[in-house]
1. Within the group Glu33, Glu29, Glu66, which residue is outside any loop (DSSP other than H, G, I, E, B), among the acidic types (Asp, Glu), within 10 Å of the chain's Cα centre (by Cα) and more than 16 Å from Ser87 (Cα to Cα)?
2. Out of everything in the stretch 8-61 that is in contact with a helix residue (DSSP H, G or I) (Cβ under 8 Å, 6 or more places away or on another chain) and surrounded by 13 or more Cβ atoms within 10 Å (Cβ to Cβ), what residue ends up being nearest to His72 (Cα to Cα)?
3. Can you report the number of residues in the stretch 36-85 which are within 30 Å of Ile14 (Cα to Cα) and free of Cβ contacts under 8 Å to residues at least 12 places away in the same chain?
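Each reported figure results from applying straightforward, stated rules to the coordinates on display, with no laboratory input. Quantities reported herein were computed from a predicted structural model and do not represent experimental measurements. Positions of Cβ are generated from backbone atoms using ideal geometry, with glycine treated the same way; all protein chains shown enter the neighbour counts.
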Amino acid sequence: MEELEIISQIPHYIPICAYKEWNLDELVEKCWEYLDLIRVYTKPKGARPDYDMPVVLPRKRSTVGEFCNRIHRNMLKQFKHANVWGSSVKHNP
């Protein structure tokens, strides 16, 4: 175990054990961080959010317009408004 602690200090390195499923959550989180992706969850008005089917977007292109285009290319033409919240929301006046 001492070796694992030393190895875990190496940058861009995550020790895992696929057989025993050790540290897989950290590997997944690091992949999301390196790929710089965000999950966007939809919530129809008056309903609960759909946490089963997120829309995945690159953080750099995470606008409402990009979200609409990811769903359907004609959706933005008919789009009226959106309520957006969360820790990664940016306001661009």
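1. Only one candidate passes the filter, namely Glu29.
2. Val55
3. Of the residues in the stretch 36-85, 4 are within 30 Å of Ile14 (Cα to Cα) and free of Cβ contacts under 8 Å to residues at least 12 places away in the same chain.
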